[in-house]
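Taken together, the values in this text are just the output of simple stated rules run on the coordinates, not laboratory data. None of the values given here were measured: they were computed from a predicted structure.
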Amino acid sequence: MQTLETALLAVEYALDKKGIDLKLLDVRGISTLTDYLLLVSGRSDRQVQAIAENIKTEFKSQHTIMPLAIEGMDKGRWVLIDYGEIMVHVFQPTVREFYDLEGLWSEAPEVELAQTEAP
């Protein structure tokens, strides 16, 4: 599976749990850590955890893809799921605003997403 295709699956899995304000950044030319960053918000600690858990579960069950690391699942304010070529950040809005990863990676082109709101 191609990296962008995998990143777009993560978008789909985040939307399944009504993730909001999704941004997929292409950092291939400016980062040696990863190729894509997916930023998504959830409205509460439970929703942040549900979004992150759904991404992890769907990748494992549908594609046998396991994360290299997961941080923050216990608190649900900011969960990082590291898949190597893709890093998923699921935040509560206030935490996302405070850390401003969009600003930090402002040079990265944003991948256009067909649907960025859950139906």
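Among DSSP beta bridges whose residues both lie in the stretch 3-105, state the antiparallel percentage, nearest 5.
On the way: 13 of 19 bridges.
Taking every DSSP beta bridge with both residues in the stretch 3-105, the antiparallel ones total about 70 percent.
Mean residue ellipticity at 222 nm from the helices of the chain, using -39,500 (n - 2.57) per DSSP H segment of n ≥ 4 over the full residue count, to the nearest 500 deg cm²/dmol? Intermediate results must be reported in sequence, preceding the final value.
Working: 4 runs with 44 residues, N = 119.
The helix-only estimate for the chain comes to -11000 deg cm²/dmol at 222 nm.
One compactness figure for the chain is 0.95, namely its Cα radius of gyration divided by 2.2 N^0.38 Å. Here the relative contact order of the stretch 3-105, from alpha carbon pairs under 8 Å that lie six or more residues apart, stands at 27 percent.
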